[in-house]
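Participant: Pasting in a structure now, in structure tokens, and then I'll have a few things to ask.
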């Protein structure tokens, strides 16, 4: 296969020559992001090496740090998987934020109900409620996209605002989910039987991250090794060819968008049942949008999403330590994250224009040989 | 209506244009007088488009000169062409759908009171012109709301607005209903009567007779001749257009005593993408062991016919039976129908998929390629490698992205996939377009193999020599109907040419 390394998988950097890419592209982008951020750190009078070293210790330096990284990575992983999976069918689900709220609310509703079932079943029902809540929210854009041809990007994005206000309504009295007489809009605590089990005592590491990794494996197998996955990828790459091959493209779009939104719902479920243990107003605070960044950096590669979610989790976990150690404020993390996404897009764009130019040259040669009417 | 003047409005002398490997225009002399409608006739690839692109400044000629009203000019861009009074109505309209009719007309013209965009003077002129030429066009309607026929009028109005003296119309009736076409001819004649020079490109003989004073016929980049369409016999024109030696040799033919009807089409009608009738009550039967070639000028319903048979296009009436099974929705049974679509990049392949994925694009979910819900990639690869060897697809391996293969080998992937399921009916649409000779040969061989083992092939192509070389029977399509149905042995290229141009008498001469 060595001679099959394709030219478009190679990034040509002026002065550095060709670089074999696919996994290397996001790594390069992250490296560039850290480099540019280092300049800002220097401008604030700190040593970037010290700052990054503190960040590394804060995210991987101890069991507690590692647990913190995992806790922060969990919702990004689940949400990022949702975005990446949708993208495989050519769908851009930017409504993960809304799906987090609806999924979290649905999970909370079940988690607050004293059901006459064994505790393990209560937990499973609450987890499923989270998935179904998100999926139900995805049903609206899925139907509109598949049967009415309306852009899923606009619909999912707009529904985010609806979902946020909807959750707000739920935690304010007189909603049955709101805590009576609380001076902060919130629900009562989730029943212990519906709380996600804690993996390491003394930390807040709940099983959300395991759910995420298992979900990634399932989605990966689904995409690569099942007819359903093949249909999904075909729909994303060339819907017309998919139709020609006898695939019901509309149905595929609906199913994939439902699963994608369901993943967003699971992300919200994890936050509510595993970390916050109540339903709060604005409890996500942008996790859904960060999930898009996670998927972008991974180029929507399922395994890549696992890695990039951990990377984002580590950045957040380490930011506090960096602040206490060298005095750089935590928002630098947002800067690094944004720069990494920008660099991934820029690298992708550079490759795209190069490929497009080549294709155009080739087309011109072909066009003349089939001089049409 | 005699406006002949001494100086030609347009004179193209010795125009030659070479593209890599193709001589698109070879020493073409072409002349249009003011007040004349001059028809331009030729098959696909005869060089009409190249010649007009040169005139419109989109291509530069390698040799030759262009004279406008006796003056030598160099036309370096469409803008320069417009400044010289050349206007063109392209086959695919150049309109901005979201803008109004009026905005489209003034687009590219200097504003009346810069820097403000004052459309009022233009609106008055618009109304004046529509009244003068009896066009029912409202200046404030957005173009996307206009029917196709009105969009055509808007294109012509654009030229009037700029007072184009040389007007090029590229197959202007392709999108029009017969009644609208009549109105167009009237307008075209009126434009000529005003002293404009008109170049009228068409494939339809009747139209030429009705509207053109002279017709110049192009073939393989040469001018074959210029004639008066009212005097010239249809057979003469057809021969000028297609009359060349058939360079592909005829194949050996076998006869099958027991013939079954593998494809039966009755009363088929359907609409094209623009919601205009594309097929009109079409009947066709294809039997086992025969290759039926479908000839015709591009855009006479061939594509829609293929899409109807494969189930990709809904038909408005009629029925299609493949081996006795009615077509209702996309045909999924690969042993029933193999279909090589017209556009391999858009429809036939997923370019970003590997060769093996593309070879099993339709069968990946079937046993033994999927077992217990999982795709058996090892099984697929084994079979894919066998297919690659059998059909001599040149690729570094079965897991290479199809994008990186040459056009011929990409097409072989499509044909191999469709053949490997041993279909009763093989339907191909322009299967050799853009391929080199070697690839053409192997695609032909593949199709012959279907026929030779008792299957049926419906072979759609605008390349007449290819149709004649490969087919046992030839049908000619014109305006969504079958103009003629000929046994290949008796088929004569000139007669087919006449049928392609919609000349019905050609059929009547057949005993």
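Every number here is computed from the coordinates shown, using simple stated rules; none is lab data. Given the structure is predicted, the values throughout are model-derived calculations rather than measurements. Virtual Cβ from ideal backbone geometry, glycine too; neighbours counted across all protein chains shown.
Participant: With just the Cα atoms defining each centre, how far is segment A:104-165 from segment B:65-102? Give it in Å.
Facilitator: Segment A:104-165 and segment B:65-102 have Cα centres spaced 57 Å from each other.
Participant: Between residue B:404 and residue B:335, what is the spin-label point distance in nm, taking each point 7 Å from the Cα along the Cα→C-beta axis?
Facilitator: 3.7
Participant: Take every Cα pair under 8 Å in chain A that's 6+ residues apart, average their separations, divide by the length, and report that relative contact order as a whole percent. Can you show the working numbers first?
Facilitator: Working: 648 pairs, mean separation 121.0, N = 373.
Rounded, it is 32 percent for chain A.
Participant: Could you work out how far apart the two model spin labels at residue B:193 and residue B:374 are, taking each label as a point 7 Å from the Cα in the direction of the beta carbon, and quote it in nm?
Facilitator: 8.0
Participant: Considering only the protein assembly as shown, what is the antiparallel percent among its DSSP beta bridges, to the nearest 5?
Facilitator: Details: 51 of 85 bridges.
So the antiparallel bridges amount to about 60 percent of the total.
Participant: Continuing with the same structure: Determine the calculated [θ] at 222 nm for chain B from helices alone, applying -39500 (n - 2.57) to every DSSP H run no shorter than 4 residues and normalising by the residue count; nearest 500 deg cm²/dmol.
Facilitator: -9000 deg cm²/dmol
Participant: Only bridges whose two residues both fall in segment B:10-242 count here: according to DSSP, what percent of them are antiparallel, nearest 5?
Facilitator: Numbers: 22 of 39 bridges.
DSSP beta bridges in segment B:10-242 are roughly 55 percent antiparallel.
Participant: Taking R0 as 30 Å, what's the FRET efficiency between residue B:210 and residue B:281 from their Cβ-Cβ distance, rounded to 0.05? Please report the intermediate quantities before stating the final value.
Facilitator: Working: r = 25 Å, r/R0 = 0.83.
Computed FRET efficiency for residue B:210 and residue B:281: 0.75.
Participant: Let me know the shape class of segment A:47-327, please: from the alpha-carbon gyration tensor, a ≥ b ≥ c as square roots of the eigenvalues, rounded when a/c is under 1.5, otherwise prolate if a/b is greater than b/c, or oblate.
Facilitator: Values: a/c = 1.79, a/b = 1.21, b/c = 1.48.
Oblate.
Participant: Calculate the FRET efficiency for residue B:436 and residue A:358 from the Cβ-Cβ distance with a Förster distance of 25 Å, rounded to the nearest 0.05. Don't skip to the answer; put the middle values down first.
Facilitator: Values: r = 20 Å, r/R0 = 0.82.
The pair residue B:436/residue A:358 has a calculated efficiency of 0.75.
Participant: Right, something else. For n ≥ 4 DSSP H runs only, could you compute -39500 (n - 2.57) per run for chain A, divide by its residues and tell me the 222 nm figure to the nearest 500? Spell out each step's value before the answer.
Facilitator: On the way: 13 runs with 257 residues, N = 373.
So the helix-based figure for chain A works out to -23500 deg cm²/dmol.
Participant: Within a 10 angstrom radius of the beta carbon, how do B:270, A:70 rank from fewest other beta carbons to most? Walk me through the numbers before you get to the answer.
Facilitator: Working: B:270 21, A:70 27.
Neighbour counts put them in this order, fewest first: B:270, A:70.
Participant: Let me ask another. Would you mind computing, in nm to one decimal, how far apart the modelled labels at residue A:173 and residue B:366 are, each placed 7 Å from Cα along Cα→Cβ?
Facilitator: A separation of 6.8 nm, rounded to one decimal place.
Participant: Rounded to the nearest 0.05, what FRET efficiency do residue B:145 and residue A:210 have when you use their Cβ-Cβ distance and R0 = 56 Å? Mind showing how you got there, number by number?
Facilitator: Numbers: r = 56 Å, r/R0 = 1.00.
Plugging the Cβ-Cβ distance into 1/(1 + (r/R0)^6) gives 0.50.
Participant: Working out 0.36 nm times the residue gap between residue A:289 and residue A:153, then minus their Cα-Cα distance, what length gain in nm do you get to one decimal? Provide the component values of the computation, followed by the final result.
Facilitator: Working: separation 136, 0.36 × 136 = 48.96 nm, distance 1.28 nm.
Extra length from residue A:289 to residue A:153 when fully extended: 47.7 nm.
Participant: When chain A is modelled as a GNM with alpha-carbon springs shorter than 10 Å, which of A:254, A:154, A:305 fluctuates the most?
Facilitator: Highest fluctuation of the listed residues: A:154.
Participant: Using DSSP, restrict attention to beta bridges with both residues in chain B and report what percent are antiparallel, rounded to the nearest 5.
Facilitator: On the way: 45 of 79 bridges.
For chain B, the DSSP antiparallel bridge percentage is about 55.
Participant: Find the relative contact order for segment B:368-511 and round it to a whole percent, using C-alpha pairs within less than 8 Å whose residues are 6+ positions apart.
Facilitator: Values: 139 pairs, mean separation 18.9, N = 144.
13 percent.
Participant: Round to the nearest 10 and give me the degree value, 0 to 90, for the angle of helix B:377-390's Cα axis relative to the longest principal axis of chain B.
Facilitator: Its long axis makes an angle of about 70 degrees.
Participant: Normalised by the residues of segment B:102-182, what does the relative contact order come to in percent, with Cα pairs under 8 Å and at least six apart?
Facilitator: Numbers: 41 pairs, mean separation 24.8, N = 81.
It comes to 31 percent, rounded to a whole number.
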